[in-house]
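To keep things clear, I will list the structure first and then write my remarks on it.
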Amino acid sequence: GSGSMGHDEL
Amino acid sequence: MNIFRLAGDMTHLASVLVLLLKIHTIKSCSGVSLKTQELYALVFATRYLDIFVTYVSFYNTVMKLIFLGSSFSIVWYIRRHRVVRRSYDKDQDTFRHLFLLLPCLVLALVINEKFTFKEVMWTFSIYLEAVAILPQLVLLQRTRNIDNLTGQYVFLLGAYRALYILNWIYRYFTEEHYVHWITWIAGIIQTLLYADFFYYYFQSWKNSVKLELPA
């Protein structure tokens, strides 16, 4: 994913 | 989730809890920069805009709630608590918010992966987190005298950043299409800001003397 999309970190 | 990511999250969690417990227990926020704490509260608020919309995992949601809750609690303690607010070193904590906020906002508007409100806010939070520690480092530098808990707080935050970089390296080699330039560059810059502090922290630890930064 790119950017915040699909971003699973805090 | 790999071990570096988990260890990074745990040191991040420990850092905010150390700070919150210090303030709550000794009813003092001396040596703590309100500017940095307000910037962190804004970092979490703008990054977790979709907390109730996008579900990643139970772990992620709980951690996000803890980070939001603890950062706003710390700000509340320093600004509003009857006893704690008297110990706030207002005259020393003079770093201007806008000096950091404005460049981060402009940068987020220009360099982002998608020009949507949510995405720009998320990118802004990444840039802002990278520099939000600066008022705290300036305050430490100024007062020089650092109590153990404030020292541990900054050390744990730096450790969290370093562990996240190891996590990215690990993910880069184990996951496909795992390239996040914006996060990585901002994260590396953020970690470098701690390098100087780390040097003096380890020196004081090695010589078992009280941590003091040079003027």
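Nothing in this text is a laboratory measurement; each read-out follows from the coordinates by a stated rule. These figures come from a predicted structure and were not determined experimentally. When we count neighbours, we look across all protein chains shown, and the Cβ atoms used for this are built from the backbone with ideal geometry, even at glycine.
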Residues of the stretch B:1-58 classified as under 20 Å from residue B:83 (Cα atoms) and charged (D, E, K, R), total = 4
Only one of B:25, B:11, B:94, B:36 that is under 23 Å from residue A:8 (Cβ atoms) and among the hydroxyl-bearing types (Ser, Thr, Tyr) | B:11
Where in the stretch B:23-138 are there helices (runs of 4 or more DSSP H), lying wholly inside it, with at least 1 residues that are free of Cβ contacts under 8 Å to residues at least 24 places away in the same chain, within 11 Å of chain A (Cβ to nearest Cβ) and among the acidic types (Asp, Glu)?
-> B:117-131
Restrict the check to the stretch B:142-154 and report whether at least one residue is in contact with a helix residue (DSSP H, G or I) (Cβ under 9 Å, 6 or more places away or on another chain), part of a loop (DSSP other than H, G, I, E, B) and either touching a residue at least 12 places away in the same chain (Cβ under 8 Å) or within 14 Å of residue B:183 (Cβ to Cβ) (or both).
-> yes
Which residues, taken from the stretch B:165-215, are outside any helix (DSSP H, G or I) and closer than 21 Å to residue B:127 by Cβ?
-> B:178, B:179, B:180, B:194
